[in-house]
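The values are calculated or read from the model by the stated rules, or taken from the named source; none is laboratory data. Computed from a predicted model, the values in this text were never measured in an experiment. Here the Cβ is made from the backbone with ideal geometry for all residues, glycine too, and neighbour counts use every protein chain on show.
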Amino acid sequence: MTITEDKSTKIIGTRLLRREDPPLLTGEAKFTNDLNIPGALHLSVLRSPFAHAKIKSIDVSAALKIAGVVAVYTGKDLQSAWAAPMPCAWPVTTDMKNPPHFPLASDKVNYVGDGVAAVLATNETASRDALDAIDVQYEPLKAVVDLEDALSDKNIIHKDLGTNKSYTWPLLVEETPGCVEEAFKKSKYKVKERYVQQRLIPMAMEPRAIAAVPQPFGGDITLYSSTQIPHILKVMSALTLGIPEQQVRVVAPSVGGGFGSKLDVYAEELLCMALARKHNTPVRWVEERTENTQATIQGRGQIQHVELAADENGKITAVRVRIIGDMGAYLQLVTPGVPILGAFLYAGVYDIPKAYDFSCTSVFTNLTPTDAYRGAGRPEATYAIEMAIEALAREMKIDSFELRKRNYIKKEQFPYTAFSGLTYDSGDHLLAAEKAAKMTDLAGVRAQQKKQNVPGATRLLGVGMSSYFEMCGLAPSRVLASLNYSAGGWEAATVRVLPTNKVQVITGTSPHGQGHETSWAMIASEKLGVAPEDVDVLHSDTAISALGLDTYGSRSLPVGGVAIALACDKVIEKAKLIAAHQLECAAEDLQFVGGTFSVKGSPDRALPLAAIAFGAFTAHNLPEGCEPNLEAQVSYDPPNFSWPFGTHMCVVEVDTETGAVKILKYIAVDDCGNQINPLIVEGQVHGGVVQGIAQALFEEAVYDEDGNLKSSNLSEYLVPAASDLPSITTGHTVTPSPTNQLGVKGIGEAGTIGAAPTVITAIIDALSGLGVTTMAMPASPQTVWKTIQEATRGGKK
Amino acid sequence: MKVSITVNGKEHQSDVEPRTLLVHYIREVIGLTGTNVGCDTSSCGACTLHMNGEAVKSCTILAVQADGASVTTIEGLAKDGVMHPMQTAFMENHGLQCGYCTPGMVMAAIGLLNENPKPTEEQVRMGLEGNLCRCTGYHNIVKSVLAAASAK
Ligand code: FES
Ligand code: FES
């Protein structure tokens, strides 16, 4: 069954306003910390002030004397509470080193923020006050902060592992053995670049919050958490705590943003559950912002060495990549997999031969663990290839857009089997890029640039671009298996038509700002021919949505949304049998348009879905063997990733005297296939682009050499404000995905993937006349100014 | 200490600790949880509400300092089930995603228009400098505020 073409029921593709908004706009929505939970004890966690130290002793006696304090636990006290260490679900290699990681450290702390003791008190003030009264004696050890230093194994963090290296993951694809090396020897042009992906703090505006509520009898427990992954959290917390899974229910109330930082199983979630069970009373915790910067995962953290070889025409002949990945002190849920998610994308959107040599070595450091942050591995890869293309264009002294055009995978090559064996579903890179150029008025800007960037000018104009592919819609389970991921990539959906023809959609996705309730209702509405307001979307509570794999990796629509469409098809199939029975015709003779079954050719022999839904409920007159009720469940495993793509361009003006960068224009042309709700798609692009701009210009988790975080709150870590940013012009092309019936691809991470290289290449372009060829991120005024000084000094020598 | 604070038109007499912040008073004593907390450095603006008609960050004010004041929170904006025009503008322009910054953003935006009823885009961006949003990239927030201004 395909989407009905009846114009009157065309919902998909309209800018329907979000049903999520009224409760959020009026303060009615409940975030985890808004829940009223009578009798709850408050948890506070004492955190290590040292990046690396032995715990000599802990004295909690003074803390216990504070009024309201109920109990204080150290790591040793709670050893028996854990059936297993905290989970890492992605052992990327069979010999990957993974140090045991428990919610509280016992003998040694490994990063500033590592949990040392847990306080339970009747109120939050008492539990926080008690932290100051706990006396911990530490013996500080040398902290390993720098990645290359970590790699040297001079100081080993986890002694039992014997090394700071967690794993080396190679991907060597050669048409003939040695062809990469040969290409680098023989090709006319070569570039060799080094880029640093600074650590970023995800900084969802809602800090994490948790409440664990035990049932008085029977041992059941409900965990409310500000999480992206209630389903995964249920399985993992049951395993870690040794609780039968059916006794655990996880609910994600309204969640104030995630961006990957809530795609994890956290110490505090496990502590709340363990202590709630121990005390048989609810336990809640809320993170302070300064705590969030240290105790919630960070993103990026890579050093990239990238080499390209190209022939005399600039056609890329080989790609070689060496990466050092910063895991931080421990492996969280998918920490080791993050660089691997980018491993296939270092050829970007370009048509390259089987001459690809990638390897990633990941190391432990005495810093907050890293994990998925919006884009996870793919922004890093895109940045590297797009910057390297620019370097190659400089080397060849040709325009970088022209060089891209010579290398783009062409429209007629899709579906395109890449060097890696992965199939890129559909695309038209040239179309998107030309559209972006037109929207930017590239020719006009170039002309203006000639006029403006004259010797002695202090305000220089630059244009930057990047073309990207986003490998998203995680993911075909079999591909995940080949990458050693411990779970699948399917998504579940249930569609239920109630007796009154109202529809319930139950999804395994877990939205936290993406507007799934609206978009999923639109899909079901169009499929079933009911009004969108007659569709209710239920999610994020494992007691209601028992099966699911949650929301991350731009997967919700291409996997979860498609699952809903498929479940609607199943409902329609069943309804059709009932209709055929009641209309006394063959099912094949029926058509379903606009919510009504009718006999082809005789439109007055018809039955609306409403009548069938009621008939399925009364079950008075159903065909032989047909079960009552109109409901279907689907678990959908996508046959492929989805491959959204696009080109971003931006125009910047750089003040060479202050180093200030002003973005004059930002153009994002994205292609995510068919759009369910363009309003929501644009919003995803805006937010994604700004997170990419933020990496390019503003943000960095800055550590000193002892591993202290110097940007540990929102006055030091520069999340950009409205006043720091331009408005964003979005455009799109539509190249439907052939792998799913909706023709959709993901869009959540695209903006972030495209933006950072776009901005940085623009800055370099502006300063190219001064001899600038590199620019570190974030390109703060100081960094830009220093880079100009170095380039011009170097030029004078 | 005894305080008397009018919240959304209703007077409340309460006994609070001197160190209680207005935001905690509103959330925990009055039980209105629409006002959010996003930071500990008065940087994010999630806690913005109106005190005596002016937009303020309620994490920077002690409850005792609000004694005798009239406070409006996000819950107090809609009248008879109809949202305030600024709330409607946010909805119509997709000015929110996760919605965590939204109550503070809406209160700040109303405060902005009270001071400058017809701002330029630049002025809206400057005026909302103290309110952070991690989801929207501000594009549609700015659009919402401009739409609310032109609807006036
Ligand atoms: S909570 Fe961040 S400014 Fe008040
Ligand atoms: S909408 Fe999520 S922080 Fe603004």
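Which of the following residues is touching an Asp or Glu at 6+ places or on another chain (Cβ under 6 Å) and buried (at least 18 other Cβ atoms within 10 Å of the Cβ): A:120, A:104, A:147?
Details: A:120 fails: touching an Asp or Glu at 6+ places or on another chain (Cβ under 6 Å); A:104 fails: touching an Asp or Glu at 6+ places or on another chain (Cβ under 6 Å).
The conditions single out A:147.
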Contacts under 7 angstrom Cβ, first residue in segment A:513-537 being assigned to a strand (DSSP E or B), partner more than 16 Å from ligand 2 (Cβ to nearest atom) and among the hydroxyl-bearing types (Ser, Thr, Tyr), 6 or more apart:
A:535/A:525; A:537/A:507
Within segment B:31-87, work out how many residues are over 21 Å from residue B:5 (Cβ atoms), more than 16 Å from ligand 2 (Cβ to nearest atom) and of a type in the set (Gly, Ala, Ser).
1
For segment A:21-69, enumerate the residues that are over 25 Å from residue B:36 (Cβ atoms) and among the polar types (S, T, N, Q).
A:48, A:57, A:61
Residues in segment A:225-255 that are in contact with a Ser or Thr (Cβ under 7 Å, 6 or more places away or on another chain) and within 14 Å of chain B (Cβ to nearest Cβ) total 5
Within segment A:29-71, which residues are among the acidic types (Asp, Glu) and within 14 Å of chain B (Cβ to nearest Cβ)?
A:34
Yes or no: segment A:146-169 includes at least one residue that is at positive phi, out of contact with any Gly (no Cβ under 6 Å at 6 or more places or on another chain) and not hydroxyl-bearing (Ser, Thr, Tyr).
yes
Might you let me know whether segment A:213-231 holds any residue that is closer than 26 Å to residue A:715 by Cα and in a strand (DSSP E or B)?
no
Would you check if residue B:104 is away from ligand 2 (no atom under 14 Å from the Cβ), crowded, with 21+ Cβ neighbours inside 10 Å and outside the structural domain of residue B:12 (by TED's automatic domain parsing)?
no
Any residue at all in segment A:678-695 that's away from chain B (no Cβ under 14 Å), in contact with a strand residue (DSSP E or B) (Cβ under 8 Å, 6 or more places away or on another chain) and either within 23 Å of residue A:204 (Cβ to Cβ) or touching a residue at least 24 places away in the same chain (Cβ under 8 Å) (or both)?
no
For residues that are within 16 Å of ligand 2 (Cβ to nearest atom), surrounded by 24 or more Cβ atoms within 10 Å (Cβ to Cβ) and among the hydroxyl-bearing types (Ser, Thr, Tyr), tally how many sit in segment A:241-295.
1
Of the residues in segment A:696-726, those that are facing another protein chain (nearest Cβ under 9 Å), assigned to a loop (DSSP other than H, G, I, E, B) and without any contact (Cβ under 8 Å) to a residue 60 or more places away in the chain come to A:715, A:716, A:720, A:721
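This table checks each residue for (1) at pLDDT 95 or above; (2) assigned to a helix (DSSP H, G or I); (3) buried (at least 23 other Cβ atoms within 10 Å of the Cβ).
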| position | (1), (2), (3) |
| --- | --- |
| A:757 | yes, yes, yes |
| A:769 | yes, yes, no |
| A:774 | yes, no, no |
| A:785 | yes, yes, no |
For segment B:56-152, list the helices (runs of 4 or more DSSP H) that sit wholly inside it and hold at least 2 residues that are within 8 Å of another protein chain (Cβ to nearest Cβ) and either of a type in the set (S, T, N, Q) or more than 11 Å from residue A:25 (Cα to Cα) (or both); which are they?
B:85-92, B:121-127, B:139-151
